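Comments concern the structure below.
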Amino acid sequence: MFWGGMNSGHYCKPVPKRESHRQRVRKYVTSGHKRFGAGTESAPHDEQAKSRCYGCATGIFTAPAAVEMYTTVFDEDNALEHLGAFLSENFLGTCSMAVSRETMTIERTPFAVPVKAGTVQVFRGGTELPWKLVG
């Protein structure tokens with residue numbers, strides 16, 4: 001929420017109270033534990049809904065760059081070996097779903113996160129990530 005200054009486009013609940021809390025959640029997510037899996041919960045609220053003084057919409061819009069963002073975090077935490085299961089296997093058992101046979105390819109090549117998708121601000125829009133989903 002405070003990355004680059006106060007930004008309502010980065011407001012999502014729950015808000016970690018301390019940096020140590022955010023780091024602990026990140027450690028658990030990249031640990032490889034089957035309890036943690038990808039869930040974008042992309043919240044495509046337009047700028048008007050996100051910038052209201054009272055009752056602003058919560059959630060961040062990550063859909064255009066979610067895979068690249070997850071990959072970057074797992075890479076930074078030296079946990080790429082857990083990324084595949086996190087993205088495509090964890091949680092499926094609780095939903096009685098089978099693992100898909102489809103694959104995706106992620107390359108270490110710069111990816112420019114779009115600033116907006118229509119009238120919706122993309123989380124970390126305008127930045128560059130080191131990974132790109134190419135297929």
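Things to note:
- Scanning region 126-135 for residues that are assigned to a loop (DSSP other than H, G, I, E, B) and touching a residue at least 40 places away in the same chain (Cβ under 8 Å) yields 130, 131.
- Options 102, 76: the member that is more than 25 Å from residue 23 (Cβ to Cβ) and more than 11 Å from the chain's Cα centre (by Cα): 102
Table: residues versus (1) part of a helix (DSSP H, G or I); (2) surrounded by fewer than 18 Cβ atoms within 10 Å (Cβ to Cβ).
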{"residue": "65", "(1), (2)": "yes, no"}
{"residue": "68", "(1), (2)": "yes, no"}
{"residue": "73", "(1), (2)": "yes, yes"}
{"residue": "78", "(1), (2)": "no, yes"}
{"residue": "84", "(1), (2)": "yes, yes"}
{"residue": "87", "(1), (2)": "yes, yes"}
{"residue": "90", "(1), (2)": "no, no"}
{"residue": "93", "(1), (2)": "yes, yes"}
{"residue": "99", "(1), (2)": "no, yes"}
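- Subset tally (residues that are loosely packed, with under 15 Cβ neighbours inside 10 Å and outside any loop (DSSP other than H, G, I, E, B)) for region 101-116: 2
FYI, it's all coordinate maths here, none of it is from the lab. This structure is a prediction, so every number in the text was calculated from the model and none was measured. Methodologically, a virtual Cβ is constructed for each residue, glycine included, from the backbone with ideal geometry; neighbour enumeration extends over all protein chains shown.
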